[in-house]
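A short write-up of the structure that comes next.
Computed from the coordinates by the stated procedures, all read-outs in this text should not be read as laboratory data. Given the structure is predicted, the values throughout are model-derived calculations rather than measurements. Here the Cβ is made from the backbone with ideal geometry for all residues, glycine too, and neighbour counts use every protein chain on show.
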Amino acid sequence: MRRENLLNAAILLGFIAVPLWAWVADEPFIITLTTRAAILALAGVGLNVALGLGGLVSLGHAAFFGIGGYAMGVLAFHAQNYLPLIEAPFLIEGTKSMPVIWLVAILASALAAVLIGALSLRTSGVYFIMITLAFGQMLYFFMISWPAYGGEDGLSIYIRNGFPGLNTLDPIQFYAIAFTLLLAALLLVARIQNSAFGLALASARQNPTRVTAVGIRPRHLHLVAFTVSGAITGLSGALFADLNRFVSPTMFSWQTSGEIMVFVIIGGVGRLFGPVLGSAAFIAMEYWLDGVSDYWHIYLGAVLLGIVLFARGGLIGLIAGREVAHD
Amino acid sequence: MTAILLIEQILNGLQFGVMLFLMAAGLTLIFGVMGVINLAHGSLFMIGAFAAAGTAAATGSYVLALMASLSAAAVAGVLVETLIIRRLYARDHLDQVLATFALILIFSEGTRFLFGSFPLYLDTPDLLSGPVTLPGGIQYPIYRLFIIAMGLSIAGGLFWFIARTRIGIQIRAGEVDREMIAALGINISRLYTAVFALGAALAGLAGALIGAIQSVEVGMGEPVLILAFVVIVIGGIGSIKGALIGALLVGLTDTLGRVLLPQAFGLIMDASSATTVGASLASMAIYVLMAGVLIFRPSGLFGGTT
């Protein structure tokens, strides 16, 4: 456990030192790359609540990532074109303010997670995997065939949304926002993990029958975990859209769900910092391998297979050792 | 809406459903017998289509192309099973999802490396091209009728195979109790490889059949794979009968939804917004169907208690 804490500190230090070095060396591309890693790590932290803490293998988290992205896209689209979002019964206008967008993204994806979770959690095991996948695809095809917000082409937002007191177009300042939100999410998940709810959730993963016997309904715990998980992933979707200043149905695609899951697995399922290390490793690999070969997905696939077959527990498990008395 | 158009669309729906059945049958067998969730099944579909397109381009023979698709997919299936999937039987579903996701990356990029990013085309053979006049004066492509006939006869053959042959009995026994049939002296790992190869060959055949209707390209397998998942979730995992009924339901719902929903909304709103709303909802129709089935039967129409 102590080695894991040291490793976590090292990961955080890396996430502070690399962008600072890039800032000093005037390498804005590296800052953007690190921002991408931080935002995708946030998505992974969200998925890890369902996957790692709850044991719910969701292959549909792209749904929440996309909803967060479109929360940003739709609000900013209305603001930049001076079109009101709703006129009757009362006027709602679009907005370019990040905090408002985040709030909407969190609420919308939490609502979607409650609905999808309530239906999907009636099932378990493989059925759950396939149903979450299918719900993700349902939203994907809906966004493609719904022309109001760009359909298949997506929406471009010309200027990055604003945050009071900061210049979000400056890469290092936008990175600071993303990193702060990542830290806040990690803090929240750490609190959840050690709370009564988190302990009940862990027991429900390990022995649902016993949890039921002491009078707790696993399905309720799972629904709450799934909702929190969806909300965090939704927030990261809004940030990701702001990073690219572009949203498209690709955010909903099942490859996105797969990649978010890959971050969690590469890093280590159920480890607090697993998704953070995983996404950093993924982005670094993408960056290096893309320079080596056009067909870098083959290497990515091979690395992934290697991790699944030989390094259970992911990178954190490999470095810090497997957790004892777990599962 | 004329009756002729409706019948045409029903035939299209059947053709789509039959193709989904070929995919779903393999998935459901592999899951039912081995307990493995195989995301790479869509890659086997793609391999079948590419093998067929490559063979047809080289030899010009459609029959050879179909045989090439069957054998290429079966060989790929045997390789995947013996090298990778075999290590995953005892693991949880998460590991299986991840490993087969990795396989998709490898297969897709490998195919792109071998064949390039441009789509290939597979021509329908002369004998099967052109329309045929059905009773009632409906003009319908022979090739689509051929797919329907192929699919239904394979479904029939599969039912016979599972119900009547020795291997079929072993497969059913394997679904019920793996340890027991191993204890009775049946070589379980050979049975697993055979089931995997059978499922892969069916997926490859589906790819070859569809390859003549649409273009053969990298990534063609995954949309079909996800629909096949919907099929087996609706039908109940492990049930061939469920896969057939689910596939036809999904095929018909999707095809008819795309035609009927815009028209239904046309009755209550103007034409252009009816098309928009109808098309958006039609693209979601099968998922709504799936959610509806699961609310009433969480383990599918013909699923056991899992």
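Listing for the model above:
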{"quantity": "Whole-number percent relative contact order across chain B, with pairs defined as alpha carbons under 8 Å at least 6 apart", "calculated": "34 percent"}
{"quantity": "Label-point separation, residue B:184 to residue A:183 (7 Å along Cα→Cβ), nm", "calculated": "6.4 nm"}
{"quantity": "Computed [θ] at 222 nm, deg cm²/dmol, chain A (DSSP H ≥ 4; -39,500 (n - 2.57); rounded to nearest 500)", "calculated": "-23500 deg cm²/dmol"}
{"quantity": "Segment B:1-140, relative contact order [Cα under 8 Å, separation at least 6], %", "calculated": "26 percent"}
{"quantity": "Inter-chain shielding of B:80-87 (mean C-beta neighbours from other protein chains, 10 Å cut-off)", "calculated": "1"}
{"quantity": "Separation in nanometres of the label points that stand 7 Å from Cα toward Cβ, at residue B:288 and residue B:132", "calculated": "3.5 nm"}
{"quantity": "Neighbouring partner chain Cβ atoms per residue of A:290-298, average, 10 Å criterion", "calculated": "4"}
{"quantity": "Euclidean distance between Cα centres, segment B:1-36 to segment A:135-149, Å", "calculated": "23 Å"}
{"quantity": "By average C-beta atoms within 10 angstrom, highest first, the peptides B:278-291, A:60-73", "calculated": "A:60-73, B:278-291"}
{"quantity": "Chain A: C-alpha gyration tensor shape, a/c 1.5 cut-off, then a/b vs b/c", "calculated": "oblate"}
{"quantity": "Translational diffusion coefficient (Stokes-Einstein; Kirkwood radius from C-alpha pairs) of segment A:1-41 at 10 °C, 1.306 mPa s, in µm²/s", "calculated": "146 µm²/s"}
